[in-house]
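The values are calculated or read from the model by the stated rules, or taken from the named source; none is laboratory data. This is a predicted model, so every value here is computed, not measured. Quick reminder, even Gly has a Cβ in these numbers, built from the backbone with ideal geometry, and neighbours come from all protein chains shown.
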Amino acid sequence: MADEQDVGSPKPSAVEVAKTASHYLRGDIAKELADGVPGFGKASVQLLKNHGTYQQDDREARKAREGAKSERQISFMIRTVVPGGKLTAAQLLAAIDMGDELGNGTIRLTTRQSIQHHGVVKGELKDFMRRVHANHLTTLAACGDVERNIMCCPAPIHGNPVREQMQAKLDELARHLAPRTRAYYEIWLTDPDTGEQQRVAGGPEVVEPIYGPTYLPRKFKTAFALPEDNCTDIYANDLGFLVVHEQGRILGYNVLAGGGMGVTPSAAKTFPALAKRLGFVPPEDVLAIAEAIVKVQRDHGNRSDRKVARLKYTIHTMGLENFRAKVEEYFGKKLAPCHPADVHGFDDHIGWFPQGNGKHFYGLNVENGRVHDSGSFRLKTALRQILREIAPGVRITAHQSLLFSDLAAGDRDRIATILRAHGVKTSEEISTVRRWSMACVALPTCGLAVAESERVLPGLIDSLEPEVAKLGLAADAFTIRMTGCPNACARPYNSDIGIVGRTAGKYTIFLGGRLLGDRLNEQYKDVVPFEDLCREITAVLACYKAERTAVETLGDFCHRKGIDGVRSWAGEWLAGARGHG
Ligand code: SRM
Ligand code: SF4
């Protein structure tokens, strides 16, 4: 079965064929789960994504075994849905335990506020899903051709009705767009002894009132954000709800549609896109407009070529006006024009803040979202202690980090003491450049990676830190986002500096996006060896330092000066012609 590669064929892609035949995502998963071999067949591998799991093999282990021609060492990545990133201390503790007992001993906080586990073997998948369910979470629709984990600003600020109502709306929408299939409960949550399901959806048979039997043509992502705080990167989502508020009251939401980052450089028809401003809805219409847009994508998205099946391509093909008209038809009324409100701020919520009810919250920067113990760095053990002894509320940010809420004043020192005792820097002790950096998973687990990301970005930041300090830019906030391939899981195409894997050990550098996430960056240099990245970026920063205006951010400066202008200035700097090379 050719999976996501079908090009331009009018016949449905192989994934569509598998979904159609699956009877609401059942397929042969249950049968193959019990067949005693380490992996699943091709159709099941595709269907399993909708259940939140990817069949993978450790690519390094495979390489090491190549001579022996042994079988692939198959294991599974499992993603858990965490709407708005909101968890309890007990839930995060349980997730850490599951990583130790059934996974590879780590957990990964993702760029969409959810949790990934790696290295779960087939024989333990069912146990894993049952434990996720017992932890009051699910993996259903964490991946696959459905609405994914919906993002929302996680700041746990009390007494702010705008934030509270936005977060409540997210919960409502997440429930509304969740798949209804009972397949998940049948396959994963049926008691092996009694045959009883842990939870049974109502009704005699599965009906997917929103998705229908073939679900969506491709993944679908939604985020909520505030104009003054776009920490969820709303413009990178298929669907965005930007809160419009005045005097502590939500007037409604600007609806944004058609954002997405992934590209296939060899396919010119693919492109990253920022979401387009579609219209304005009052709060009571959020569910209906979301459903209308999802259904337009369901009925008009490309089901033969998965490379151009995301909503951004549907809009591109239909044209924005035709798309809006079609959405209005499904919505049953005209959309009001967008309110002028737009994003103008961004807060990663890292550090110590009052939360509005006499308590505080603390944002802990987790480098690239990886929770692990390694040598003297024991973040996982430190987290266990914080979660057990202080039992804070927990939020995952869209920047792969953690917020602890409901803290008393004295908890600040307790947390710092626990972190330091485990070799973990507090958020106040890390550099600004590290704080605003983010990398995708990439090697060794991601089957699409062409270059390293998570494992090499910390080293790159180590080398950049002294250069940034020498230039006097240590306090400047700019985003550095790295990915191991152009699929762009760390959203590199709207960052100040994007570093995208091109081939083993080589990267493309992009410049000119910005913290606000409302502008795409442009290619600056291609096929740059990893070992040259620090020098290349330092040259750009030197240019910024020399020629910026007093108020300009790095991205705004690169955008104003132009990529060619930066390239030529930095080239002279690198050649020593500007005295620092
Ligand atoms: Fe992603 C595929 C990891 C956020 C765009 N992404 C993958 C897979 C499942 C690889 C695969 O298909 O075999 C990666 C799993 C690797 C592993 O071993 O864990 C993977 N994506 C991730 C995560 C874990 C990166 C991270 O470091 O946090 C993020 C999980 C989010 C979540 O919790 O749901 C993750 N992926 C994103 C984002 C960012 C976002 O959504 O805000 C994007 C760009 C936005 C977008 O969707 O356009 C993103 N991932 C992709 C794409 C390209 C999609 C496209 O339309 O071109 C793929 C490949 C695909 O779908 O064919 C992909
Ligand atoms: Fe894998 Fe590419 Fe996504 Fe990184 S960007 S996790 S390498 S698919």
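Quick notes on this structure:
- Scanning region 434-451 for residues that are more than 8 Å from ligand 1 (Cβ to nearest atom), within 30 Å of residue 475 (Cβ to Cβ) and not polar (S, T, N, Q) yields 434, 435, 436.
- Filtered by the rule that a residue be within 28 Å of residue 513 (Cα to Cα), surrounded by 24 or more Cβ atoms within 10 Å (Cβ to Cβ) and more than 16 Å from ligand 1 (Cβ to nearest atom), region 269-289 gives a lone residue, 278.
- Residue 306 within 26 Å of residue 516 (Cα to Cα) and charged (D, E, K, R): no
- Criterion applied to 142, 155, 225, 168 was being among the aliphatic types (A, V, I, L, M), within 16 Å of ligand 2 (Cβ to nearest atom) and modelled with pLDDT of 95 or more, and the one residue passing it is 142.
- The set of residues in region 536-549 that are basic (Lys, Arg) and assigned to a loop (DSSP other than H, G, I, E, B) contains only 548.
- Among the residues of region 541-554, some residue qualifies, meaning at least one is surrounded by 15 or more Cβ atoms within 10 Å (Cβ to Cβ), farther than 20 Å from residue 460 by Cβ and of a type outside the set (Lys, Arg).
- Residue 415 being under 20 Å from the mean Cα position of the chain (by Cα) and either at pLDDT 95 or above or among the hydrophobic types (A, V, I, L, M, F, W, C) (or both): no
- Meets criteria (among the charged types (D, E, K, R), away from ligand 2 (no atom under 16 Å from the Cβ), touching a residue at least 60 places away in the same chain (Cβ under 8 Å) and farther than 27 Å from residue 354 by Cβ) for residue 127: no
- Scanning region 155-170 for residues that are hydrophobic (A, V, I, L, M, F, W, C) and outside any loop (DSSP other than H, G, I, E, B) yields 162, 166, 168, 170.
- Selection status of residue 307, of a type in the set (Lys, Arg), surrounded by fewer than 16 Cβ atoms within 10 Å (Cβ to Cβ) and either over 30 Å from residue 477 (Cα atoms) or away from ligand 2 (no atom under 16 Å from the Cβ) (or both): no
- Out of 260, 252, sole residue that is of a type outside the set (A, V, I, L, M, F, W, C) and more than 16 Å from ligand 2 (Cβ to nearest atom): 252
- Selection of region 466-498 for residues being away from ligand 1 (no atom under 14 Å from the Cβ) and among the aromatic types (Phe, Trp, Tyr) yields only 478.
- Among the residues examined, residue 379 qualifies as aliphatic (A, V, I, L, M) and in contact with a His (Cβ under 8 Å, 6 or more places away or on another chain).
- Residue 395 out of contact with any Asp or Glu (no Cβ under 9 Å at 6 or more places or on another chain), within 15 Å of ligand 1 (Cβ to nearest atom), of a type in the set (D, E, K, R) and farther than 29 Å from residue 509 by Cβ: yes
- Which listed residue, of 358, 332, 393, 363, is surrounded by fewer than 21 Cβ atoms within 10 Å (Cβ to Cβ) and under 20 Å from residue 85 (Cα atoms): 393
- The combined condition, being on the phi < 0 side of the Ramachandran plot, within 16 Å of ligand 1 (Cβ to nearest atom), part of a loop (DSSP other than H, G, I, E, B) and in contact (Cβ under 8 Å) with a residue 24 or more places away in the chain, is not fulfilled by residue 501.
- Selection of region 454-464 for residues being assigned to a helix (DSSP H, G or I) and either at pLDDT below 95 or within 12 Å of ligand 1 (Cβ to nearest atom) (or both) yields only 457.
The rows are residues; the columns are (1) of a type outside the set (A, V, I, L, M); (2) part of a helix (DSSP H, G or I); (3) more than 16 Å from ligand 2 (Cβ to nearest atom).
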site: 428; (1), (2), (3): yes, yes, yes
site: 448; (1), (2), (3): no, no, no
site: 452; (1), (2), (3): yes, no, no
site: 466; (1), (2), (3): yes, yes, yes
site: 534; (1), (2), (3): yes, yes, yes
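- Long-range neighbours under 7 Å by Cβ, at least six apart or interchain, first residue in contact (Cβ under 8 Å) with a residue 60 or more places away in the chain within region 428-446, second assigned to a loop (DSSP other than H, G, I, E, B) and surrounded by fewer than 18 Cβ atoms within 10 Å (Cβ to Cβ): 436/477; 443/455
- Residue in region 91-105 that is away from ligand 2 (no atom under 16 Å from the Cβ), under 30 Å from residue 298 (Cβ atoms) and not hydrophobic (A, V, I, L, M, F, W, C) present: no
- Flag if residue 171 is of a type in the set (Asp, Glu) and over 30 Å from residue 517 (Cα atoms): no
- Looking only at residues of region 468-498 that are part of a loop (DSSP other than H, G, I, E, B), hydrophobic (A, V, I, L, M, F, W, C) and free of Cβ contacts under 8 Å to residues at least 60 places away in the same chain, we find that the one that is surrounded by the fewest Cβ atoms within 10 Å (Cβ to Cβ) is 475.
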